[in-house]
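Please treat every number below as a calculation from the coordinates, not as lab data. Bear in mind that the values here come from a model prediction, so they are computed numbers and not experimental data. When we count neighbours, we look across all protein chains shown, and the Cβ atoms used for this are built from the backbone with ideal geometry, even at glycine.
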Amino acid sequence: MRIARLAKLTFKFLAGLVILGVVGIGVILGSMWLDHRTATTLPPPTGPFAVGRTSYAWVDDTQTDELAPRPGIPRELVVWIWYPAAGHSAAPMADYLPVPWRVAVEQYRGTFVSNFLERDLSRVRTHSARDPDVSPQQPAFPVAIMRPGASALTAEYAVLAEDLASHGYVVVGFDAPYRTQVVVFPDARVITRAPDNNPELFFGADLERVGNKLLEAWTSDMVLVLDRLERLNAADPAGKFTGRLDLDHVGVFGHSLGGATALQFCHDDHRCKAGVDIDGLALGNVVREGLHKPFMFLMSDHSSEAADPATGRIEADLKAIYDRLPSGERFWIMIRNANHYGFSDGAVLRSPQMQRVLRILGVIGVDGPRQLAITTYYLHSFFDVYLKGSSRSTLDRPSPLYPETQMSY
């Protein structure tokens with residue numbers, strides 16, 4: 001009798017725990033859902049120019065896409081351009097992502113990620129006007145080519161692009177079918193990344209093979225982008241960019257695999273005058289041969305990963321390139337407690353609950369907006385020196401505004 005009563009009490013206790021757990025999970029999910037629906041405005045640009053954004057779909061019938069699932073498919077790109085805009089423009093503000101892109105991205109990422117771990121992209125507010133005129137304040141503006149990390153969307157780096165454009169740069173990013181997560185073309189075609197082009201599915205030698213394959217494709221895409229920008233500058237059918245692109249002063253920057261692309265492209269192409277690797281690795285022959293152009297490495301804090309052989313090799317390759325750069329034109333800036341994934345808009349678009357979990361786990365040490373503020377400051381400061389000829393005093397020592405940074409020369 002006593003045993004039966006004890007079993008009954010134990011069952012009730014366990015049932016109560018289960019109910020409490022279910023209720024707790026429901027409360028957490030409900031909170032994440034409500035937060036998902038909260039309107040979010042990206043951090044404001046810090047430069048004096050208003051910002052415009054436009055996009056193009058470019059096809060190169062002279063080349064085939066080597067990473068397409070079947071031969072003979074021409075190379076295509078969707079290109080996003082942020083630029084200094086006329087301040088009096090009445091153009092409406094650009095959506096963070098156009099509706100067809102939002103639908104495709106949410107389907108690709110799935111319900112849980114889209115509706116609970118990230119903000120509602122339809123409620124994200126940008127600081128870019130849609131297709132306004134280029135600012136008349138200068139005859140032409142230097143160009144910065146931007147490459148996101150791995151298969152991320154270009155739009156997911158809007159904070160960096162808008163800030164740099166506000167400081168007087170034409171910022172050009174691009175997405176490519178079969179290697180960007182999702183690409184939506186004006187004719188409504190939706191093309192997702194091919195599994196063979198997903199580095200997250202590979203390890204060891206296979207990972208290096210896929211990384212080098214992607215590097216070759218992205219650098220080739222960059223060549224195509226600059227070639228088309230030269231055409232646009234010579235004779236833009238819409239008249240917007242004719243003569244407005246200063247293609248004698250081109251910078252390149254990228255995050256993660258995009259940083260590796262910036263390194264290799266600046267090694268390969270004389271049109272790159274200066275580059276920035278944002279927490280990226282190094283691949284390709286630039287590791288062996290180095291490069292001889294102003295370059296900045298803007299890194300997160302990898303001190304906790306020092307014992308990892310893969311991390312050690314990456315740092316050794318980067319240091320080998322850094323050590324051979326021209327003295328006085330090389331910068332290594334580490335943001336203490338920063339996180340690799342805090343350089344994109346995800347730093348401000350992840351749900352607060354997810355941010356708290358990542359902070360508890362030690363993944364995040366610097367607030368997302370703070371990490372982005374540091375990044376935008378050093379990005380435009382570096383390009384101001386090497387593309388505009390500004391004084392390098394801002395780079396001679398760490399900024400007192402950002403004591404989290406540690407600089408090497």
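A search for C-beta distances below 9 Å between a residue of region 88-103 that is free of Cβ contacts under 8 Å to residues at least 40 places away in the same chain and any residue that is surrounded by 13 or more Cβ atoms within 10 Å (Cβ to Cβ) and part of a helix (DSSP H, G or I), counting only pairs 6+ apart in sequence or on different chains, returns D95/W101; D95/R102; D95/L121; D95/S122; V99/S122; R102/L121; R102/S122.
Results for (1) assigned to a helix (DSSP H, G or I); (2) at negative phi; (3) touching a residue at least 24 places away in the same chain (Cβ under 8 Å), shown as yes or no for each residue.
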| site | (1), (2), (3) |
| --- | --- |
| M296 | no, yes, yes |
| T311 | yes, yes, no |
| E315 | yes, yes, no |
| I321 | yes, yes, yes |
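You will find that of A165, A161, the residue that is more than 30 Å from R70 (Cβ to Cβ), touching a helix residue (DSSP H, G or I) at 6+ places or on another chain (Cβ under 9 Å) and buried (at least 20 other Cβ atoms within 10 Å of the Cβ) is A161 and no other.
Which of the residues belonging to region 208-233 are among the hydrophobic types (A, V, I, L, M, F, W, C) and out of contact with any Leu (no Cβ under 9 Å at 6 or more places or on another chain)?
Matches in region 208-233: M222, V223.
Total residues in region 276-314 satisfying the condition of being buried (at least 18 other Cβ atoms within 10 Å of the Cβ) and within 18 Å of L257 (Cα to Cα): the figure is 20.
Based on what the data block shows, is G173 surrounded by 19 or more Cβ atoms within 10 Å (Cβ to Cβ) and at positive phi? No, not satisfied. Among the residues making up region 224-250, those that are buried (at least 16 other Cβ atoms within 10 Å of the Cβ) and among the β-branched types (V, I, T) are V225, V250.
When region 262-275 is filtered for residues that are surrounded by fewer than 20 Cβ atoms within 10 Å (Cβ to Cβ) and either without any contact (Cβ under 8 Å) to a residue 40 or more places away in the chain or part of a strand (DSSP E or B) (or both), the ones remaining, listed by number, are H270, K273.
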